[in-house]
Amino acid sequence: MSEKPEKSRSWKKINLGSEKLKVFFIKHLDRIYGAKLHLVSRLPSLAGEVEFADLKNAIIETVADVEKQIARMEVIYSLLDAEVSRGSIHGLTGLIQDAFEAIDEQIGEPELRDLSIIFYLQNIESVEMASFQILQMAAVKLKNKHVNQLLKENYDEAKADRTLLLLISSKYITN
């Protein structure tokens, strides 16, 4: 007679106390907030260097969207009575920094530089979308509909920016 293996813990409902969840939430919000600040400080310099006009406009639009997202995140901090922590945010800011270094390697090759910008902005937007989705799920447990709505707006903007970049890349590559 074989014994049935014990059900994996992953099948059980995960029950995080609200305080643990809030710490998780704030820590990860800090990471994406830091990345957004880094991005908004670096993107404007790229806009003046791109060759493809549609990409320049997309970068300008992305900067405006990121500024709105930062403002929403600041409201979230306020709603949760939390402050931005300047702890370890190297993961996302490192990704952004690596992207800018790779873009800089394409100096003298405007088409490849533009394509690199599109490539890395797509990757960054994808990470941001995933981050906002997870935070939205966590926000449900925090029982704050306003926080959830602000995160949804950030997710929707990041998704729209990613879609715009995808359209630009297809136009760029096929022309």
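Remarks
- Folded to 0 to 90 degrees: helix 110-142 orientation relative to the chain principal axis, Cα: 20
- Accessible-area composition of the chain, carbon plus sulfur, in percent [1.4 Å probe]: 56
- Solvent-accessible surface of the chain, averaged per residue with a 1.4 angstrom probe and all protein chains in place: 61 square angstrom.
- Against the chain, whose longest principal axis is taken from its Cα atoms, helix 18-47 shows a tilt of about 0°.
- Neighbourhood net charge (9 Å Cβ-Cβ; Lys/Arg +1, Asp/Glu -1) for Lys36: -2
- When all alpha carbon pairs of the chain are counted in 10 Å bins from zero, the resulting P(r) reads 9, 35, 28, 16, 8, 3, 1, 0 %.
- Global size of region 34-89 as Cα Rg and Dmax, reported in angstrom: 13.9, 44
- Kirkwood Rh (inverse of mean 1/r, distinct Cα pairs), region 99-175, angstrom: 13.9
- Of the cross-linked pairs Lys68/Lys159; Lys36/Lys56; Lys20/Lys68, those separated by over 22 Å at the C-alpha level are Lys20/Lys68.
- Given charges at beta-carbon only (K, R positive; D, E negative), |dipole| of the chain in Debye: 1420
The values are calculated or read from the model by the stated rules, or taken from the named source; none is laboratory data. Computed from a prediction, not measured in an experiment: that's the story for all the values here. Quick reminder, even Gly has a Cβ in these numbers, built from the backbone with ideal geometry, and neighbours come from all protein chains shown. What goes into the accessible areas is simple: the full protein's heavy atoms, side chains included, and nothing from ligands, DNA or RNA. Shrake-Rupley method; radii C 1.70, N 1.55, O 1.52, S 1.80 Å.
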